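Notes for the one structure printed next.
The values are calculated or read from the model by the stated rules, or taken from the named source; none is laboratory data. Keep in mind that this is a model prediction, so the values were computed, not measured. When we count neighbours, we look across all protein chains shown, and the Cβ atoms used for this are built from the backbone with ideal geometry, even at glycine. With ligands, DNA and RNA removed, areas are computed over all heavy atoms of the protein, side chains included. Shrake-Rupley method; radii C 1.70, N 1.55, O 1.52, S 1.80 Å.
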Amino acid sequence: GDLDKVVNLLLSLSGRLARVETALGSLGPHAPAEDKLALREKQRLLVAQLEDARELKEHVGRREEAVGAMVARYLPAEHLQDYQHFVKMKSALIAEQRELEEKIKLGQEQLRCLRESL
């Protein structure tokens, strides 16, 4: 459960950071200074939060290793491999699901913009 939460947190923060960086890049030279300042501050906070989330992921990883070592003492080798595969794939699938959700959201936003421009 903690792994799910941390992976979702990392994906959410990195997505938000990417959107802020895109917004910063799309600001023209005549954009108000307070808009640029607000976006830069948001970017700074997101970078710090992302670093904290990475440290949290490392902590969860160490805890996962400790749990894995305990589980290894009680499970036969074939079940242990299944357990390790499950844990590994769960993170990958969460990341893939989040990426697909973001692509769907982006596609819907682009479609909305196209409809408005017609």
Give me the percent of accessible area attributable to carbon and sulfur for the chain, probe 1.4 angstrom. 58 percent
Only helices at least 27 Å long along their own axis, judged from Cα atoms, and with Kyte-Doolittle mean hydropathy of 0.0 or greater: name those in the chain from DSSP H. 2-26
For LEU24 and LEU111 in one chain, what is 0.36 nm times their gap in residues minus the Cα-Cα distance, to one decimal in nm? 29.0 nm
Row for the stretch 50-98, column shape: gyration tensor on C-alpha, a ≥ b ≥ c, rounded if a/c < 1.5 i.e. under 1.5, prolate if a/b over b/c, else oblate; value oblate
Just to verify a number: FRET efficiency for GLU58 and GLU96, C-beta to C-beta distance, R0 = 35 Å, to 0.05? 0.95
Extension reserve of the MET70-LYS42 stretch, reckoned as 0.36 nm per residue once the Cα distance is removed: 5.9 nm
Round to the nearest 0.05 the FRET efficiency obtained for ASN8 and GLU78 when R0 = 22 Å and r is the Cβ-Cβ distance. 0.10
Which label in [x] 31; [y] 60; [z] 36 gives the computed percent of Cα pairs over 20 Å apart: [y]
Choose one answer from GLU64, GLU51, GLU34: the residue with the largest mean-square fluctuation in a GNM of the chain with alpha-carbon springs under 10 Å. GLU34
